[in-house]
Amino acid sequence: MQRGKASIEFEEPPVIISSASVAGKKEGEGPLGGCIDVVEQDDMFGMENWEQAESAMQKQAADLALEKGSIRRREVRYLFAGDLLGQLIATSFGTVDLEIPMFGLYGACSTMGEALALAAMTVHAGYADRTLAVASSHFATAEKQFRFPLAYGNQRPQSATWTVTGCGAVVVGKEGKGAETKNAPRIAAVTPGRIVDMGVQDSMNMGAAMAPAAVHTIRQNFEDFHVDETYYDRIITGDLGEIGRKLLLDMMKQAGHDLTAIHMDCGIEIYDSEKQDTHAGGSGCGCSAVTLCAFVLPRLRSGEWKRVLFLPTGALLSTVSFNEGKSIPGIAHGVVIEAENAGS
């Protein structure tokens with residue numbers, strides 16, 4: 001099952017039994033709005049504060065994914081979940097009522113890739129029949145923690161991205177019985193990323209910090225599996241945005257790979273940059289998680305795409321490290337997802 005330096009190929013690929021996406025009003029007004037399962041018009045989600053709102057969003061997405069898969073909570077052995085907040089408080093409070101043993105994850109905006117990889121590895125190893133992978137972010141909680149409270153009204157440069165208010169939840173298992181199990185995509189392989197630090201210190205330009213990590217993981221995936229860009233219908237990064245995407249394409253072209261025709265970035269897809277004033281695009285754990293569940297997986301189920309490299313990207317900084325003048329390391333986790341008939 002070990003391939004090359006960093007990758008794992010599954011002999012019996014775990015199945016994506018079901019998935020669900022929940023997002024806020026701004027995301028619902030974007031290009032993917034019609035694909036998102038639940039668009040909440042109240043970004044407070046009926047709660048008293050922003051952090052509770054993100055927790056409510058996580059629980060709603062998790063419950064919906066289980067419902068769509070006709071799965072009861074007690075049938076899920078492990079939960080792999082995370083968010084952007086200190087001590088993962090959105091996840092801790094949001095998933096407590098699920099009563100599922102949990103592994104809390106922090107990979108910044110790459111968390112959905114990390115969760116999917118670990119969920120698939122756990123299922124394939126026989127440690128669980130069903131697992132649940134969840135990742136979320138909320139614009140207001142992220143602004144409050146990493147920048148300024150919304151009431152401050154600070155201006156953002158054009159290089160900045162807009163944190164997605166959204167959550168994606170995916171049930172991974174050996175087999176399923178729900179409506180979405182028909183033509184269910186499979187997690188064929190994973191290429192975990194390593195930390196790449198190119199010395200970027202601008203917290204308002206996350207794309208520049210994450211692009212080198214995405215390049216490294218893509219090249220590692222190509223090397224480990226002896227493939228190139230023609231092997232995939234799409235290579236889908238998490239939230240590089242417009243600036244990060246340009247850097248990625250330039251760096252890959254220098255390495256001899258032209259991804260222009262097949263690259264897609266979740267942060268660019270989820271918003272209409274001209275109409276929604278999101279500057280460089282979207283970001284946050286929920287960015288790639290929502291785009292995966294609402295846009296990517298349906299195209300694999302329909303057979304429109306046979307195989308994608310899903311590559312959520314993360315900027316590994318905190319308010320402490322930034323205020324101490326540290327650089328911003330990046331990481332990107334690759335997950336190879338195939339349609340049921342990809343090998344035919």
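Read-outs throughout are calculated quantities, based only on the coordinates presented, and are distinct from any laboratory measurement. From a predicted model like this one, the values you see are computed outputs, not experimental measurements. Every residue, glycine as well, gets a Cβ built from its backbone with ideal geometry; the counts of neighbours run over all protein chains shown.
Taking the Cα centre of the chain as reference, the dipole from Cβ charges on Lys and Arg (+1) and Asp and Glu (-1) amounts to some 500 debye. Under 5 Å between amide hydrogens, built in the peptide plane, is the criterion, and for Thr163 it picks out Ser283 among residues at least 5 positions away or on other chains. Considering only Ile235, Tyr78, Leu98, and ranking their Cα positions along the charge dipole of the chain that arises from unit charges at the beta-carbon of Lys, Arg, Asp and Glu, the one farthest toward the positive end is Tyr78.
Would you tally the net charge around Cys109, using a Cβ to Cβ cut-off of less than 14 Å, leaving Cys109 out, and scoring K and R as +1, D and E as -1? Computed value for this residue: -4.
Selection among Phe295, Val123, Phe146 by position relative to the dipole of the chain gives Val123 as farthest towards the positive end (Cβ unit charges, Cα centre). Work out the FRET efficiency for Asp250 and Ile195 from their Cβ-Cβ distance, taking R0 = 25 Å, and round it to the nearest 0.05. With a Förster radius of 25 Å, E is 0.70. Considering only beta bridges that DSSP places wholly inside the stretch 2-173, some 60 percent are antiparallel. Remark: relative contact order (the stretch 183-338) = 39 percent; criterion is Cα-Cα distance under 8 angstrom and separation of 6 or more residues. Three semi-axes describe the equivalent ellipsoid of the stretch 183-338; taken as square roots of 5 times the Cα gyration tensor eigenvalues and ordered largest first, they are 25, 18, 14 Å. The residues Trp50, Trp162, when put in order of fewest to most other Cβ atoms within 10 Å, stand as Trp50, Trp162.
Residues in the stretch 106-112 carry Karplus couplings, in order, of 10, x, 6, 6, 8, 4, 5 Hz; the curve used is 6.51 cos²θ - 1.76 cosθ + 1.60 with θ = phi - 60°, and Gly or Pro positions show x. Sorted ascending by nearby beta carbons within 10 Å, beginning with the fewest, Asp277, Asp197 become Asp277, Asp197. Close amide H contacts of Phe103 (hydrogens built in the peptide plane, cut-off under 5 Å, sequence separation of 5 or more or a different chain): Leu79, Phe80, Ala81. With θ taken as phi - 60° and the Karplus curve 6.51 cos²θ - 1.76 cosθ + 1.60 applied, the whole-hertz 3J(HN,Hα) list for the stretch 317-330 is 10, 9, 5, 5, 5, 5, 5, 8, x, 6, 6, 10, x, x Hz, x standing for glycine and proline. Convex hull volume per residue, computed on the Cα atoms of the stretch 71-150, equals 86 Å³. Take every Cα pair under 8 Å in the chain that's 6+ residues apart, average their separations, divide by the length, and report that relative contact order as a whole percent. Reported relative contact order: 25 percent. The structure-derived value of Cα extents along the principal axes in Å appears in the list (i) 52, 49, 35; (ii) 60, 48, 42; (iii) 70, 46, 38 under the label (i). What is the distance in Å between the Cα centroid of the stretch 84-142 and that of the stretch 45-64? For the stretch 84-142 versus the stretch 45-64, the Cα centre distance is 15 Å. Residues Cys167, Cys35, ranked from the fewest to the most other C-beta atoms within 10 Å, line up as Cys35, Cys167. Can you give the FRET efficiency to the nearest 0.05 for Glu223 and Arg74, using r as the Cβ-Cβ distance and R₀ = 45 Å? About 0.60, to the nearest 0.05.
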